[in-house]
Every structure is written in structure tokens, then in C-alpha cells.
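The next block holds one structure in the form of C-alpha cells; read it before the comments.
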Amino acid sequence: MTDLKELHFFATPEHNCSYIEGNKAKTLFVDPQTSISVGAFSQLSDLGFRRSGKHIYRPHCEQCQACISVRIPVATFKASKTQRRIISRNKDLVIKHATPHCNDDYFDLYTRYINERHADGDMYPPTREQFISFLVDGDQPCEFIEYYLEDTLIAVSVTDTLTRGLSATYTFYDPSPEFSKRSLGTFAILWQIAECERLGLDYLYLGYWVQSCRKMKYKIGFRPMEFLIDGQWILIR
């Protein structure tokens, strides 16, 4: 296994924060030329790092600690009444596993999702090159979880496999009003929690939660949850 002490880290110059308008941010990332074992990536995940394509990173802001890494302890998670209804509404979906790649179905779905939900974000406008560098590239074990309604692809979860859990890297789905009651983003998380349980894994890692970021509010609906605060995972019920 890669020894974390042997890794080289780099910090970016200040750039506009993706989560808090008007703030400046810095990012710490592992040298992308380094081969990272699954064990080392798992250790880095426990230290608050995430993966985007070939880049493994975490926020490195000197004056701000708003980005908090969060994960769900699978053994103690209890779905709320609303979440149980969401599971029930999506019982008709067919779930398939695929190796990360780019095809027309994925990219068309991704494009509609970004244009509708994230036209104000860093991923707009979507391109195939961006899709590949963001979701396909990388050396870590990863799957595309496909959600089908009959023969129609309506959602995809990009999921990394760690030694003790899964990491919900990204989910994109059909933003059409006809699917709004399905709450596909929430269902994708619930399905990944169940998959962790099926595989005997301890945690589902959800990346960062920022209290003032409206688009991240959904994450704290999964309880209990653990927050990474001052290097320690703290249980929040």
C-alpha cells in the first residue's frame, strides 16, 4: 500500500469559491502523476479528501472551515418516513452496473442535468471532454450505477469503492418535471447506503457539506451522520 508519507501534495493559488459566493478558496491535491493504492485513497478519504477524475483533493482555505466532510455510518442509519416513501416510489427502477465510460446516453442525460440544475456552476457548459476528465478518468475502482425506468436511463451514480465503504462521487439524473416526485438524487444515496450494507461496508462518504450552500442542504437529511471536525469524525444524530 502507498505510504501517505511518500505522497507529494500541491496547493493551488487562490480561486473563486465554488460554494460561497464572494469567497476565495485554496485546494490541496495529491500529485496526479502518483499511483495511489485503494488503501491509500481510503486513508485520504478518512482525512477529508475527494476524487475528481485523476485529482484527489480537499479544501485548503486558511481563513475558512465551512467545507465539512460527511459520511453515513451504515449500521446505524435509519431512513425517515419521507425517505422510505422515496424508496417505495422507485421500486420499479432497474439498477445496472457499468464500467466508467462516455456514451451518448450518459452525455445527453448529463447535459440536461447540468443545464437545468447547475448552469451557474463550474461544470457549465458541459462538454464531452469535461465529462471524461471529471467522471471517467482516474485509477481508483469506480462504477457507474445506472437507474432505468423500463428501457430509459434516468439517473447515473458515479461510485468509488474504498476499503471500508463507498464514496458517492457524483450523481446526475433526468431533471424533467415528470420525475420530480421520485427525488432521484436522494434515492441514489439511499440505494448506495443499501449497497454498502449488502457488501458489508461501514460508510457511505458524501463529500462536503457547507451550511450556507442551499444545494447541499439535502445531505444532512441522512441521520445519523458523521462530520469530520478538527481531524476527528463526530457523530451527529
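The portion of the accessible surface of segment 53-177 made up by carbon and sulfur, rounded to a whole percent, is 48 (1.4 Å probe; DNA, RNA and ligands excluded).
Each residue of segment 133-143 was assigned a 3J(HN,Hα) from its phi angle through the Karplus expression (A = 6.51, B = -1.76, C = 1.60, θ = phi - 60°), giving 5, 7, 10, 9, 5, x, 9, 7, x, 8, 10 Hz with x at Gly and Pro.
Rolling a 1.4 Å probe across the protein heavy atoms gives the chain an accessible surface of 54 Å² per residue.
Close amide H partners of LYS24, meaning residues 5 or more places away or on another chain with modelled amide H under 5 Å apart, are CYS17.
If you take the beta carbon distance between THR127 and THR163 as r and set R0 to 30 Å, what does 1/(1 + (r/R0)^6) give as a FRET efficiency, to the nearest 0.05?
Values: r = 34 Å, r/R0 = 1.12.
Given R0 = 30 Å and the Cβ-Cβ separation, E is 0.35.
For the set PHE107, PHE10, solvent exposure ranked by accessible area (probe 1.4 Å, protein chains only) runs largest to smallest as PHE10, PHE107. Taken one residue at a time, the phi angles of segment 185-196 give Karplus couplings (6.51, -1.76, 1.60, θ = phi - 60°) of x, 5, 4, 4, 5, 4, 5, 5, 4, 4, 5, 4 Hz. Gly and Pro are set to x. For segment 158-212 versus segment 105-152, the spacing of their alpha-carbon centroids is 15 Å.
When the charge dipole of segment 128-234 is built from unit charges on Cβ atoms (+1 for Lys and Arg, -1 for Asp and Glu) and taken about the Cα centre, the candidate among THR152, GLY138, SER176 whose Cα reaches farthest toward its positive end is SER176. The distance between label points at GLU178 and ALA119 comes to 2.2 nm (points 7 Å beyond Cα on the Cα→Cβ vector). Inter-label distance, SER80 to HIS101: 4.0 nm, where each label sits 7 Å from its Cα along the C-beta direction. Accessible surface comparison of ASP139, ASP105, ASP174, probe 1.4 Å, protein chains only, largest first: the order is ASP139, ASP105, ASP174. The modelled label-to-label distance for the pair LEU7/LEU47, using points 7 Å beyond Cα in the direction of Cβ, is 0.5 nm.
The values are calculated or read from the model by the stated rules, or taken from the named source; none is laboratory data. Please read these numbers as outputs of a predicted model, since none were measured by experiment. Positions of Cβ are backbone-derived with ideal geometry, glycine not excepted, and every protein chain shown enters the neighbour counts. What goes into the accessible areas is simple: the full protein's heavy atoms, side chains included, and nothing from ligands, DNA or RNA. Shrake-Rupley method; radii C 1.70, N 1.55, O 1.52, S 1.80 Å.
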